[in-house]
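Have a look at the structure below before the remarks.
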Amino acid sequence: MGEHGTQTMLERLGGAEGIRRWIWRFYDRVGQDALLAPLFPAELTESRVKQAAFFLEFFGGPPEYTQRYGQAYLRFKHRRVTIGRAERDAWLAALLASLREEVTDAEVVAEVERRIGPIATSMINHDPARKDAYYFR
Ligand code: HEM
């Protein structure tokens, strides 16, 4: 429990185990998604491990992601992934849909959307309307 007996975000997400189940579900979806799957490696185990470590740290858990993989620099790490608005939307929709399968509290899902949505938007590095325009690379 956090201050005043309220649960922390990490607790509301089911702790490390809950985040792990959430991210495993997320990559099940990614692997089935026509738009997203081609962007990811065929073998998703490493992606699952990294992403779960990232979110655990992001939501207040131990800094395992940073210790293993260095500072996030997420935009830089996504520079070879073509991310337009559609890819961003599909990625976030898959993330939230898998979370809804894991937690019953809609407020938790809304809070994740508030915190992750803007970061997902900042990952957009491609505008399909501008033929060969890759900006901010
Ligand atoms: C809030 C938004 C996002 C976060 C927090 C996030 C997080 C991450 C992390 C932590 C990694 C592993 C990087 C590493 O340590 O090597 C990663 C990789 C990757 N991300 Fe994202 N990402 C986001 C958005 C997106 C979006 C919108 C897409 C595409 C639709 C995407 C596609 C990928 C791909 C293809 C990889 C490389 C494969 C992999 O290592 O999983 N990401 N992302």
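Every number in this text was worked out from the coordinates using simple rules, so none of it is lab data. Since this is a predicted model, take the numbers as computed values, not measurements. Every residue, glycine as well, gets a Cβ built from its backbone with ideal geometry; the counts of neighbours run over all protein chains shown.
Rounded to the nearest Hz, the phi-derived 3J(HN,Hα) couplings of region 107-122 under the Karplus curve 6.51 cos²θ - 1.76 cosθ + 1.60 (θ = phi - 60°) are 5, 5, 5, 5, 5, 4, 4, 4, 7, 8, x, x, 5, 4, 4, 5, where x marks glycine and proline. If the segment from GLU46 to THR104 were pulled out straight at 0.36 nm per residue, it would be longer than the present Cα-Cα gap by 18.1 nm. Step through the residues of region 16-28 one at a time and calculate ³J(HN,Hα) from phi using the Karplus curve (6.51 cos²θ - 1.76 cosθ + 1.60, θ = phi - 60°), rounding each to whole Hz and writing x for Gly and Pro. Listing the rounded values in order: 4, 5, x, 5, 4, 4, 4, 6, 5, 4, 4, 6, 4 Hz.
Fully extended, how many nm does the chain gain between ARG75 and GLU113 (0.36 nm per residue separation, minus their Cα-Cα distance)? Walk me through the intermediate numbers first.
Values: separation 38, 0.36 × 38 = 13.68 nm, distance 1.86 nm.
Computed gain between ARG75 and GLU113 is 11.8 nm.
For GLU64, neighbours were defined as the other residues whose beta-carbon sits under 15 Å from its Cβ, and their charges (Lys and Arg +1, Asp and Glu -1) total +1.
Dipole of the chain, Cα-centred, from +1 at each Lys and Arg C-beta and -1 at each Asp and Glu C-beta, to the nearest 20 debye? Write down the numbers at each step before the final one.
Values: 20 positive and 19 negative charges, 140 e Å.
Charge dipole of the chain: 680 debye, to the nearest 20.
If one computes P(r) from the Cα atoms of region 1-106, what percent of pairs lie at distances over 20 Å? Counting every Cα pair in region 1-106, those more than 20 Å apart make up 44 percent.
Mean separation of Cα pairs under 8 Å and 6 or more residues apart, divided by the residue count, gives region 3-122 a relative contact order of 34 percent. Per-residue 3J(HN,Hα) values for region 41-49, derived from phi via the Karplus relation 6.51 cos²θ - 1.76 cosθ + 1.60 with θ = phi - 60°, read x, 5, 9, 9, 4, 5, 4, 4, 4 Hz in sequence order (x marks Gly and Pro).
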